[in-house]
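Written out below as structure tokens is the structure these notes cover.
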Amino acid sequence: MSMTTEAVLGRKARWANIRRETGRALAAALIALSVAFVIILLTSKAPLEAFNVLLTAPISRPRTIGLWIDDVAKLTITGLAFSLVFQARQFSMGVQGQVYVGGLAAAYVALSPIGATWLAIPVGVLCAMIAGGFYGFIPGIAKAKLGANEIVSSLMLNYIALELCNYLVRTQLVPPGSGVLTTNDFPATAVFPALVAGTRIDIGLIFAIVAVLAVWFALYRTAWGLKLRLVGHNAQFAEYSGIRSTVIMVSAMTVAGALGGLLGAMFVQGQSFGKLTILFEGGLAFEGILVAIVARSRPLAVPVVALFYGYLRQGAQLMNIRTDVPAEVIGLVTAIIILLVASSFSIPGRKVFARILGRNATPSAVMEGGK
């Protein structure tokens, strides 16, 4: 078989896999939304109105569109961070802590004399990424050198970062005697400029797009990325091949930490805050786990999943505000989607539709059907 034929077959297999995974995700979303509709129907006094708010409110006004896109940018970054460690078959849960130390670093830059200069944004983002990268390095090196479980160590580091941020805001960064739990507003030079006036869509969106391309390139177009994926598939084989799996693992967790630090800067320097406050992250960093799982840790799929999940997230919040349905309903929707996508779920009736359309089942479909 010629190399040209192999390349064509490889492209066809990749597109078939993309179509299959997309179909699975869409079917899972439809099933989950159907369950949500039943729950809303049983619990709400105006179920049709509530469901309409869930599905249409995020795009009803420029302000809500801005909230949605801002969420998408942030979910993309946290999804990428988790995807990197999942690619290495590690289960570090430390993105939340990296967000807080990154936000702290960016805040200190913004509140320093640098904050009043044009250097405020680049230096703030750089310091946030360095702080987050160091915080990602800690559980990685602890596992490599001490055998510490990365799940436990990263979770404990999350608590440390969160409480440290709270302590510093309460004792050092708030105006003396004010009694508030937030710093002064950052200088205008330290706040990300808006891409769309009057909305929260700022240059954080550009950072997210660049991060997606950078992570994709690093994973699939560099030797480091190849080694990372080999370590993730089979660490023992990678060691036999001369790859230092511990170095790759630590570096992956460090890069993921830098992304977490970037997310911290996007929070505190973005249009959504423009200052540092306690608990500013609001649990969003952990939701990157959901994005990474549904995207199957593929960098180019992460923003697509973030786009849809961010829409549901904003729709649920607006539904909670405007109707009598609690926002927790979206948690049920998300859980069902995750269960279906992460399991061996396949689209019902796919073979029937294939016969109707006159298409032969793909080898992978035949194999799945024989399970």
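The values are calculated or read from the model by the stated rules, or taken from the named source; none is laboratory data. Quick caveat: nothing in here was measured; it's all calculated off a predicted structure. Note that we place each Cβ from the backbone using ideal geometry, even for glycine, and neighbour counts take in every protein chain shown.
Whenever a residue of the stretch 208-223 is farther than 22 Å from M266 by Cα, its partners that are surrounded by 14 or more Cβ atoms within 10 Å (Cβ to Cβ) and charged (D, E, K, R), lying with C-beta atoms within less than 7 angstrom and at least six residues away or across chains, give the pairs L219/R229. Within the stretch 13-21, does at least one residue satisfy the condition of being basic (K, R), outside any helix (DSSP H, G or I) and modelled with pLDDT under 85? Looking through the stretch 13-21, none of the residues is basic (K, R), outside any helix (DSSP H, G or I) and modelled with pLDDT under 85. When V329, V294, V268 are checked against the criterion of being modelled with pLDDT under 90, of a type in the set (A, V, I, L, M, F, W, C) and more than 15 Å from the chain's Cα centre (by Cα), V329 stands alone in meeting it. Within the stretch 72-86, is even one residue within 30 Å of Y220 (Cα to Cα), in contact with a Lys or Arg (Cβ under 6 Å, 6 or more places away or on another chain) and either in the same structural domain as R313 (by TED's automatic domain parsing) or surrounded by fewer than 23 Cβ atoms within 10 Å (Cβ to Cβ) (or both)? Scanning the stretch 72-86 turns up no residue that is within 30 Å of Y220 (Cα to Cα), in contact with a Lys or Arg (Cβ under 6 Å, 6 or more places away or on another chain) and either in the same structural domain as R313 (by TED's automatic domain parsing) or surrounded by fewer than 23 Cβ atoms within 10 Å (Cβ to Cβ) (or both).
For the stretch 170-197, the set of residues classified as at positive phi and under 27 Å from the mean Cα position of the chain (by Cα) is empty. Would you check which residues across the stretch 225-244 are surrounded by fewer than 18 Cβ atoms within 10 Å (Cβ to Cβ) and at pLDDT below 85 and list them? If the condition is that a residue be surrounded by fewer than 18 Cβ atoms within 10 Å (Cβ to Cβ) and at pLDDT below 85, then H233, N234, A235, Q236, F237, E239, Y240, S241, G242 are the ones that fit.
Screening V250 against (1) over 19 Å from the mean Cα position of the chain (by Cα); (2) at pLDDT 90 or above; (3) not in a helix (DSSP H, G or I) leaves a single unmet condition, (3).
Contact map, the stretch 100-127: first residue within 10 Å of Q269 (Cα to Cα), second residue assigned to a loop (DSSP other than H, G, I, E, B), Cβ cut-off under 6 Å, separation 6 or more or different chains; pairs are A106/Q269; A107/L276; A110/F186; G124/Q269. Scanning the stretch 189-213 for residues that are in contact with a helix residue (DSSP H, G or I) (Cβ under 9 Å, 6 or more places away or on another chain) and part of a helix (DSSP H, G or I) yields T189, A190, G204, L205, I206, F207, A208, I209, A211, V212.
You will find that of T189, T171, the residue that is surrounded by 15 or more Cβ atoms within 10 Å (Cβ to Cβ), of a type in the set (V, I, T), assigned by TED's automatic domain parsing to the domain that holds T254 and out of contact with any Asp or Glu (no Cβ under 6 Å at 6 or more places or on another chain) is T189 and no other.
Listed by first and then second residue, the pairs with beta-carbon distance under 7 Å, at least 6 apart or on different chains, first residue in the stretch 238-252 and without any contact (Cβ under 8 Å) to a residue 60 or more places away in the chain and over 10 Å from A144 (Cβ atoms), second outside any loop (DSSP other than H, G, I, E, B) and among the hydroxyl-bearing types (S, T, Y), are A238/S245; E239/S245. For the stretch 271-301, residues that are surrounded by 24 or more Cβ atoms within 10 Å (Cβ to Cβ) and in contact with a strand residue (DSSP E or B) (Cβ under 8 Å, 6 or more places away or on another chain) total 1.
Picking from residues in the stretch 215-243 that are out of contact with any Lys or Arg (no Cβ under 6 Å at 6 or more places or on another chain) and outside any helix (DSSP H, G or I), the one that is nearest to T254 (Cα to Cα) is T222.
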